Amino acid sequence: MAQPTVLISGAGIAGPALALWLSKNGYRVIVVEIAKGIRAGGQTVDLRGAGGDVVERMGLMPQMRAHALVQRGVGWVSSDGSRRAEMPVTAFDGNGLVSKLEILRGDLVDVLYQATKETVEYRFNTRISALHQDDDGVEVTLADNTKLRADLVVGADGPHSAVRGMAFGPEERFVTPLGGYNAWFSAPDHVGLDGWYLMYMAPGGLNASMRPTHDPAMAKAGLAFASGPIEYDRHDLDQQRQLLVDRFAGAGWQCDALLTAAQQADDFYFDSFLQVDMPAWVSGRVVLVGDAGYCASPLSGMGTSLALVGAYLLAGELGHADSFDAQQIQDALQRYQTKMRPYVDKCQDIPNRVDRFAPNSASDISINIAVMKWMQRWPFRPIAAKLWFTVADSIELPDYSTA
Ligand SMILES: Cc1cc2nc3c(=O)[nH]c(=O)nc-3n(C[C@H](O)[C@H](O)[C@H](O)COP(=O)(O)OP(=O)(O)OC[C@H]3O[C@@H](n4cnc5c(N)ncnc54)[C@H](O)[C@@H]3O)c2cc1C
């Protein structure tokens, strides 16, 4: 039998993680990525719970630890920078808002890419423009008109997945806006974060934040605001920057400095807070993994775990390339859905309301900050742990190593 080919769209976290497992299992794997190279942007992501277990099983934990950031906790600040509340990294046994093992998203993507670039064929600066399924596989056309044949196509191309659009239907059917927008970018650290993730909430539904990086002179900044749907061009970064200026200019703390940094940052990223809800992630020989199929919103803190666990289960259920046939694919894809669904449901049920992250009034901000203090104390601590900080562990990963 010819070596089965899996074509993955998207070289974020889910795509390269899946590529790693599939290439180990003997598949030919091609990854197409719309960007010119791997996209190193993003803030810190954590490797708590099952996501960390998957990284252990990949054998990549030493590389991840080598990139770990020194973090001291999260602090909520006033307009003048004084601290209103803190949650140290030790809260909730190292699984609180800032967890004991966090790395930059770009470092995580790079570790996955370095571990796969010799065994996986990466094609950057292109994308799938058409898919046609027949009895034996999928005929794929890339943007440059190249034709490829694959036994299976995987959409790992994020919350606005093009593969999902081609094989399942338009975005509006599956994407629920959560009532706000969010920008991430690099910015000079003018406050001296010293390992602290600092967050400032201002009336009008504004949330500005700065997180440490490996470079003490630089921070990863976030500017988020609550809002109903806004019409904007997803490819027009200047228009998106202006949306931030309209809301954050003169809003206090470091907001003006962050707006200046947003103008210059080459890793500027803007999107709505959204969740992807789908009744099924399989359509014939096309399957979704990661944010493409079950984005839980960045506020859930579960995107990395969902992507890593989804990739692990999908590859594990597909098994070794030499036992790959049409019936086996369908059975494997159904088992992937069945095993993944309860974990997705739990991660998506985490309370992640934008109006709590970016409250509208000064009194709501004060209540929010009081909640952050109280949740660390008895009797609220176990309730908070159950609602937010133990969900990452709520799946028993199958052992595929002996399969
Ligand atoms: C630049 C960037 C920065 C991010 N920063 C953060 C952050 O700070 N905090 C956070 O919680 N989450 C962040 N995320 C989202 C986070 O990575 C995901 O929520 C999560 O890790 C799931 O990963 P994923 O692989 O499913 O999706 P993603 O990590 O979004 O990866 C999807 C990949 O698909 C590519 N892609 C998109 N469309 C196409 C297409 N048509 N054809 C081919 N490729 C395509 C994208 O360029 C991207 O590389 C960021 C995502 C990106 C892309």
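Worth pointing out:
- Within the option set V287, V276, being more than 11 Å from the ligand (Cβ to nearest atom), open to solvent by less than 20 Å² (accessible area, probe 1.4 Å) and hydrophobic (A, V, I, L, M, F, W, C) holds for one residue only, V287.
- Yes/no for H214 being within 21 Å of the chain's Cα centre (by Cα), within 16 Å of the ligand (Cβ to nearest atom) and farther than 21 Å from G303 by Cα: yes
- Evaluated against (1) within 15 Å of the ligand (Cβ to nearest atom); (2) in contact with a helix residue (DSSP H, G or I) (Cβ under 6 Å, 6 or more places away or on another chain); (3) at pLDDT below 90, N95 falls short on exactly one condition, (1).
- Looking at region 133-191, the strands (runs of 3 or more DSSP E) lying wholly inside it that each contain 3 or more residues that are open to solvent by 30 Å² or more (accessible area, probe 1.4 Å) sit at 175-188.
- Selection within region 219-236 - among the hydrophobic types (A, V, I, L, M, F, W, C) and buried (at least 17 other Cβ atoms within 10 Å of the Cβ): A219, A221, L223, A224, F225, A226
Listed here are the residues, each with its yes/no results for (1) at pLDDT 95 or above; (2) hydroxyl-bearing (S, T, Y); (3) surrounded by 22 or more Cβ atoms within 10 Å (Cβ to Cβ).
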{"residue": "V309", "(1), (2), (3)": "yes, no, yes"}
{"residue": "A315", "(1), (2), (3)": "yes, no, yes"}
{"residue": "L318", "(1), (2), (3)": "yes, no, yes"}
{"residue": "I329", "(1), (2), (3)": "no, no, no"}
{"residue": "R341", "(1), (2), (3)": "yes, no, no"}
{"residue": "V344", "(1), (2), (3)": "yes, no, yes"}
{"residue": "N352", "(1), (2), (3)": "no, no, no"}
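- Given (1) away from the ligand (no atom under 16 Å from the Cβ); (2) under 16 Å from the mean Cα position of the chain (by Cα), number of the condition S78 does not satisfy: (2)
- Leading residue by the ranking (farthest from P398 (Cα to Cα)) among those in region 290-307 that are more than 8 Å from the ligand (Cβ to nearest atom) and surrounded by fewer than 24 Cβ atoms within 10 Å (Cβ to Cβ): L299
- Subset tally (residues that are in contact (Cβ under 8 Å) with a residue 60 or more places away in the chain, out of contact with any helix residue (DSSP H, G or I) (no Cβ under 6 Å at 6 or more places or on another chain) and hydroxyl-bearing (S, T, Y)) for region 292-342: 1
- Selection status of W253, more than 16 Å from the ligand (Cβ to nearest atom), modelled with pLDDT of 95 or more and either among the polar types (S, T, N, Q) or buried (at least 21 other Cβ atoms within 10 Å of the Cβ) (or both): yes
- Scanning region 116-129 for residues that are open to solvent by less than 50 Å² (accessible area, probe 1.4 Å) and more than 10 Å from the ligand (Cβ to nearest atom) returns T116, V120, Y122.
- The one condition in (1) within 20 Å of the chain's Cα centre (by Cα); (2) more than 17 Å from R356 (Cβ to Cβ); (3) small (G, A, S) that A257 fails to fulfil: (1)
Yes/no per residue for (1) at pLDDT 95 or above; (2) assigned to a loop (DSSP other than H, G, I, E, B):
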| position | (1), (2) |
| --- | --- |
| V31 | yes, no |
| A40 | no, yes |
| V45 | no, no |
| G52 | no, no |
| V55 | yes, no |
| P62 | yes, no |
| L69 | no, yes |
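The values are calculated or read from the model by the stated rules, or taken from the named source; none is laboratory data. What you see is a predicted model, and the numbers here were worked out from it, not measured in a lab. Virtual Cβ from ideal backbone geometry, glycine too; neighbours counted across all protein chains shown. Each accessible area value is taken on the protein alone, full model and side chains, heavy atoms only, with ligands, DNA and RNA left out. Shrake-Rupley method; radii C 1.70, N 1.55, O 1.52, S 1.80 Å.
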